[in-house]
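Read through the structure below, which is laid out as structure tokens, and then see the notes.
Just so it is clear, none of the values below were taken in a lab; they were calculated from the coordinates. Quick caveat, the model's predicted, so the values are computed rather than measured. All Cβ positions, glycine included, derive from the backbone under ideal geometry; neighbour counts span all protein chains shown.
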Amino acid sequence: MQETWSQMTLELENQKKLTDKLIMEMTKERFKNKIGVISKYEGMGTVICFLAAIVLISRFSELDTWYLLGSGVFTVTYLIVLPVLVLRSIRNMKNIDLTNNNYSETLLEYAKRKKQFLWTQKIGIYLNFGLLVASLPVAVKVLKGKDIFVSNINLVYWYIPAMVVFLVIFSTWGYSKYKNIADSASRTLEELEAKKREH
């Protein structure tokens, strides 16, 4: 009887360990999936930015004045550097060691990396307005072969105000969405650490 009881106790303990392990694995997967959503959107944006940069670089010789050249350099730099910084900050959030770190280390590290990611997003929002101004003369020159500062092009009068409104609305919406996802991932980490402490 005692041997049967010991066997049952051992099986229950093993079952509990297996259940706890499954819960932790599922929670880790949920965390990675939440960060993966951000990664997917930013990955698509990066491909578009890189393609635009390649097209612009291939037609750089058409930027025949110092101000068009300056605008072109800013635009290409933005299209390459900012997406790389954003993807790196996402990778840093995704690569947190969820297994070996303790509760406070995990949450502190994630909070630090989440702050870096959101800071990169804010910098991107401000630089978007610079891109708006710098890319317009470059786009007109490359697509229409005209210098916007010399030709009488009415595009400026409606393009810039319309794009400013669009950027403000889109940037505010996008930032709040990303912040919500990052906060949700943070709550998932808290659940994971709670399960670790129970375990």
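Structural remarks
- Listed from fewest to most Cβ neighbours within 10 Å, the set ILE148, ILE35, ILE123, ILE80 follows the order ILE123, ILE80, ILE148, ILE35.
- Cβ-based net charge around VAL76, under 15 Å, with every Lys or Arg adding one and every Asp or Glu removing one: +1
- Under 14 Å, Cβ to Cβ, from PHE149 - net charge with Lys/Arg +1 and Asp/Glu -1: +1
- Between ALA162 and SER58, the modelled labels are 2.7 nm apart [label points 7 Å from Cα along Cα→Cβ].
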